[in-house]
Structures are given as C-alpha cells and as structure tokens.
Amino acid sequence: MPLAVRWGNKVKPGRIVNDFVSFTDFAPTFLEAAGVPVPKSMTGKSLLPILWSDHSGQVDPHRDHVVVGVERHFPGGRKGGWGYPIRAIRTERFLYIQNLAPDRWPVGDPDGLVWPDDDPTGGFGDCDGSPTKTYLCNHRKDQSYYFDLAFGKHPAKELYDVKKDPYQLRNLAEQNQYATIKMELAAKLKRDLVETKDPRALDKGHDLDDYAHKYQECL
C-alpha cells in the first residue's frame, strides 16, 4: 500500500521514495520527532532519516523488504475461535507467503458464525457481506474458479512475481526455476521473525491459537 506524508516545511514535497516501511515504524517515528526516547523493545525503525532526506528512489538500502503477518480478524469465524496464521515477505519484485495452517479456511469456515446483520448466505465470517459474496456463495459450483479465489483453502507456500502478475493469481512456489528465490525469501523471513520473537517462529503458535479462549475467560 502507498504511504503519503506531509509535514509542513519539514519534509521536502514532490518526492517518490521506494523504501519499504511498516506500520511498526510509525510509533518510533512519532517518538523521535517529539524528542522522546524510543524503547528498545520496539521492533520498528524511525522514518525520520527518510523523511528529512532530499533523495528520491531507494533512500535506505536496508529497507528493501517488509515482513507482514495475520492471525485473526473475526474470532467467531472458525472452529474454536482459531485464526488463520499467515507470515509473508514482500520485496520489490516478489511476494512470498507462508500459510501456517493451510488446513483451515482463510476467511472462516463455510458454516462459521457471521454477524446478525451480515450476508444471509452465512459462513466465511472473515469476509464482510456483499452482493459479490452472496453471488459467489450461491454459484459455488458454476463459478468455482472465482469462489476458490475468494474463499478456498490455500497451499502452505505461495510465491508471486508482482511485476509480471500484479494481482497475484499465478502461484510460482512449486516451479523449479523459482526454487532459489523461494529459499532465499523463506530464510530472510525466518530471520526477521526470530529476531522480533514472533511466537510462530519460536514454536509457540499455540499461544496465539488459544488467545480467543483466554479472551472469553476474561470476559
């Protein structure tokens, strides 16, 4: 997603910067801008060096990728309140995705709960109700290709060349010619996750799966 920044005469306007940034970078940026020490526990990095630079293009050579993750959006969409754990790394050209529980439905179980005012077709609670959702659910058999794109289960590994395939429809993960790039991205993703103490990378994913149950107990 693009990020637009405006800060009076502090940030030079009209620049296009290609550095990858993460939402986790915002807090240390705000703290540094306010003259407040940034806690060492924060995994993000301040964006001020980029914002105050006069350069366009790639400003910081270390910001050549970003790591993202997903756990859950709607807790009632799957058996046991489980989420759908994903970890991914995006570079200028490639998107590599690890679906850590490929046996689960990405947008909720077909018979999972939905909000009372949500789509009357029911199920797939992580997908908001809409005419498109209703249509695809009602035409699951004759529109199976589009239904699977929207609601179907995903393989454990996905790799997309976002330059050639901007909509990420052609999974290259099992193609031999991309084996090296897949291995390199997997290793880089693993390093980042371990460095930030991601529970999924430290064999503690059950803590995140049980979060919904712990939350209900607190209530």
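A short reminder: the numbers here are calculations on the coordinates, not readings from a lab. Nothing here was measured: the structure is a model prediction, and the numbers come from that model. Cβ: placed from backbone, ideal geometry, glycine included. Neighbour counts: every protein chain shown.
In plain terms, the chain from VAL36 to LEU149 could stretch by 36.1 nm, reckoned as 0.36 nm per residue minus the Cα-Cα distance.
About the Cα centre of the range 1-102, how large is the charge dipole given +1 on each Lys and Arg Cβ and -1 on each Asp and Glu Cβ? Please answer in debye to the nearest 20. Intermediate results must be reported in sequence, preceding the final value.
Working: 13 positive and 8 negative charges, 68 e Å.
Result for the range 1-102 is approximately 320 debye, rounded to the nearest 20.
Taking every C-alpha pair closer than 8 Å and separated by at least 6 residues, the mean separation divided by the residue count of the chain gives a relative contact order of 15 percent.
Per 0.36 nm of contour for each residue apart, how much would the distance between LYS163 and HIS62 grow if the chain were fully extended, relative to their Cα-Cα spacing? Write down the numbers at each step before the final one.
On the way: separation 101, 0.36 × 101 = 36.36 nm, distance 2.07 nm.
Gain on extension, LYS163 to HIS62, equals 34.3 nm.
Our coupling estimate for the range 196-201, obtained by passing each phi through the Karplus curve with A = 6.51, B = -1.76, C = 1.60 and θ = phi - 60°, is 8, 6, 5, x, 5, 8 Hz, Gly and Pro reported as x. Dipole magnitude for the chain: about 600 debye, using +1 per Lys or Arg Cβ and -1 per Asp or Glu Cβ, origin at the Cα centre.
Coupling constants for the range 85-95 follow from the phi torsions by the Karplus curve (6.51 cos²θ - 1.76 cosθ + 1.60, θ = phi - 60°), and in residue order they are x, 10, 10, 8, 10, 10, 10, 4, 10, 10, 10 Hz; glycine and proline get x. Taking a straight Cα-Cα cut-off under 27 Å and skipping sequence neighbours fewer than 8 places away in the same chain, the lysines within cross-link reach of LYS188 are LYS40, LYS45, LYS153, LYS157, LYS163, LYS164, LYS197, LYS204. The ranking of ARG87, ARG200 by Cβ neighbour count inside 10 Å, starting from the fewest, reads ARG200, ARG87. Counting pairs of Cα atoms in the range 64-218, how many percent are more than 20 Å apart? The proportion of pairs with Cα distances above 20 Å equals 56 percent.
As a length-normalised measure over Cα pairs under 8 Å and 6 or more apart, the relative contact order of the range 56-97 settles at 37 percent.
When the helix-only estimate is applied to the chain (DSSP H runs of n ≥ 4, each -39,500 (n - 2.57), divided by the residue count), what is the mean residue ellipticity at 222 nm, nearest 500 deg cm²/dmol? Intermediate results must be reported in sequence, preceding the final value.
Details: 7 runs with 58 residues, N = 219.
Computed ellipticity for the chain at 222 nm equals -7000 deg cm²/dmol.
For the pair ARG15 and THR43 in one chain, pulling the backbone fully straight at 0.36 nm per residue adds 7.4 nm over the alpha carbon distance.
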